[in-house]
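The values are calculated or read from the model by the stated rules, or taken from the named source; none is laboratory data. What you are looking at is a predicted structure, and each value in this text was computed from that prediction instead of being measured. We place every Cβ from the backbone using ideal geometry, glycine too, and count neighbours over all the protein chains shown. With ligands, DNA and RNA removed, areas are computed over all heavy atoms of the protein, side chains included. Shrake-Rupley method; radii C 1.70, N 1.55, O 1.52, S 1.80 Å.
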Amino acid sequence: MSEIAVVHESYSFACMRCGHGWEQSYEIEHHVDADGREFVLYVANGRVVPSPLSRPTCTNCENHVVRIMRPGRVASARDAAHRQHRTPPAHPVEAPAAGAEGEEEHGQHHHWHLSDLLHPFQRKAS
């Protein structure tokens, strides 16, 4: 029996249907059969699995429209998303006292509208 050449490879996957992302490492075993023909086995978590390059399947929705990327892409995207969506710590806020700036001249409270908030960002026509 001949020696088995084993190569270790990892890939990142992203499902284009549901957006699920995951990473998987493989041991790729190169064999030669009794007739001298070479064949390859992909092993993941101790189990022989189909080649992830032939028809990858989403582990979430089982769809086959999956993008294959270099390893670490899913982890780096998750880290970036986590840093971007981190909520700043809350601080106490004081409510304005009656008669403060928020009231109109006639003692009525001003109701804000979206157009009021967007006004500073609107450009004047030239």
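In what order, largest first, do 39, 13 sit by accessible area if the probe radius is 1.4 Å?
From most accessible down to least: 39, 13.
Once you list every other residue whose beta carbon is under 14 Å from the beta carbon of residue 41, what net charge do they have if Lys and Arg are +1 and Asp and Glu are -1?
Local net charge: -3.
Could you please report the charge total around residue 65, scoring K, R as +1 and D, E as -1 over all other residues with beta-carbon less than 14 angstrom from its beta-carbon?
+2
Accessible area of residue 12, 1.4 Å probe, to the nearest 10 Å²?
Near enough 0 Å² of accessible area.
Between residue 57 and residue 32, 0.36 nm times their residue separation minus their Cα-Cα distance comes to what?
Length difference between fully extended and current span is 6.2 nm.
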